[in-house]
Structure formats: C-alpha cells, structure tokens
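A.B. asks: There's a structure below that I have some questions on.
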Amino acid sequence: IFSIVISTGVFLLVYPITGIIPAELAPIPFGTVVCGGHAYTADPDPKGTNIRSAPDKNSPVLRVITHDLEGTAITLAGSFKDWMLIQSAEGVTSEFRFQGKGWIHASLLAVRAVHNSGRTIVLYSKPDTGSQAVKTFSGETEARLAGCKGHWMQVKIGKKQGWLAPGDYCGNPVTTCP
C-alpha cells in the first residue's frame, strides 16, 4: 500500500492511499504466443476480474476490472499456458478503462462462436483449417478461451476444446460482429 507521509516537526503522520496498487508488469515469459483479437470478460465474480502482473494466480494484481453485466471488451496481445496477455480493457456499461499490458486467466474470458452467413462452425484440432474437426455446430454459442495464436482462438465449448478460425467468432459482448 502506498502512503502519504507528513512531517509536522514533532510527529510523523502516515495516511494510507487506497485504490493504488504498487504492482508493475513482470517480464513477458519466454514461450508467450503472440495473438491479436478481442474477447470479453465472462467472470461471474461480482467483485470483478483481476488483471495480474504475471501469468500466475499468486502474482500481484495491477487492476480489478469492475463487474459489468454486459461484459468488458478486452484487446488481446498473447497467451502463455492458460493465461491471456491483454493490452486494453473497456467496460461496456461501466466507466472502466485500462490501457497497458496485464494477464487474465483464460477461463475468465470468452468469445461467441458465430458466423453471420449461417454456415456451420468448425472447432478444429489445430489452428489450421486443414486440421481435423473436433466438433461442428450451427447457431451461436459462448466459448471460453484457452489460448490464442495469430487470430485463431483456442476455446472450450462444453467438454470439447479446439480452435476457432478467424471470422468464426465474435469478441464483442454486445454485437454479433460483421
């Protein structure tokens, strides 16, 4: 906790400052996969979603994304194991804004598997349209993130895990994306 220290000449008064977190982003770990795209928060915790300084549940919290019933739009920068590196976050109905890098556990973020043309969506075994189909479906469904590579999203839909191709998901919590 940061504090303000005031010297009166006789006494030293210390006042804690709340709401400021003295954490800084840790070095990006070797093996982090670069990706781009958008997702949204899908964390049911009413206290909000932690943005951490490193991809570890015990690392310091940089900021807490306030809970927004519509979700918070997240811009992704990479992934490492089951953590997502973000570069910004913006509340949909709240005033929350975050600019900078930080880590959120992948299971707390989601995209909607959807294709506006109505064609069947394929969940691939690898980030390659030539790879085996893990699952196919039509319509729209929420998919929790597990990782990313380029503009491909590794997701979990029910008990199945695989990759959604660019254009087969929407990372905006309030629209269906073009």
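A.B. asks: Any chance you could count how many residues in the range 84-111 are closer than 28 Å to Gly139 by Cβ, touching a residue at least 24 places away in the same chain (Cβ under 8 Å), open to solvent by 30 Å² or more (accessible area, probe 1.4 Å) and of a type outside the set (A, V, I, L, M)?
C.D. replies: 3
A.B. asks: Which of the residues spanning the range 61-80 are under 24 Å from Thr141 (Cα atoms) and surrounded by fewer than 18 Cβ atoms within 10 Å (Cβ to Cβ)?
C.D. replies: Within the range 61-80, Leu69, Glu70, Thr75 qualify.
A.B. asks: Does Ile121 fit the bill of being at pLDDT 95 or above and buried (at least 16 other Cβ atoms within 10 Å of the Cβ)?
C.D. replies: no
A.B. asks: Still on this model: Could you check how many residues of the range 125-176 are open to solvent by less than 40 Å² (accessible area, probe 1.4 Å) and in a loop (DSSP other than H, G, I, E, B)?
C.D. replies: 5
A.B. asks: List the residue pairs whose Cβ atoms are under 7 Å apart, where the first residue sits in the range 55-67 and is closer than 16 Å to Leu25 by Cβ, the second is open to solvent by 80 Å² or more (accessible area, probe 1.4 Å), and the two are 6 or more positions apart or on different chains.
C.D. replies: From the range 55-67, the pairs are Pro55/Lys81.
A.B. asks: Taking the options Ile21, Ile28, Ile17, name whichever one is among the aliphatic types (A, V, I, L, M), in contact with a Phe, Trp or Tyr (Cβ under 7 Å, 6 or more places away or on another chain) and either exposed (fewer than 10 other Cβ atoms within 10 Å of the Cβ) or modelled with pLDDT under 95 (or both).
C.D. replies: So the residue among Ile21, Ile28, Ile17 that is among the aliphatic types (A, V, I, L, M), in contact with a Phe, Trp or Tyr (Cβ under 7 Å, 6 or more places away or on another chain) and either exposed (fewer than 10 other Cβ atoms within 10 Å of the Cβ) or modelled with pLDDT under 95 (or both) is Ile17.
A.B. asks: Would you check which residues across the range 34-57 are β-branched (Val, Ile, Thr) and open to solvent by less than 50 Å² (accessible area, probe 1.4 Å) and list them?
C.D. replies: Thr41, Thr49, Ile51
The values are calculated or read from the model by the stated rules, or taken from the named source; none is laboratory data. Since this is a predicted model, take the numbers as computed values, not measurements. Note that each Cβ is placed from the backbone with ideal geometry, even for glycine, and that neighbours are counted across all protein chains shown. Please note that ligands, DNA and RNA were not included when accessible areas were found on the heavy atoms of the full protein model with its side chains. Shrake-Rupley method; radii C 1.70, N 1.55, O 1.52, S 1.80 Å.
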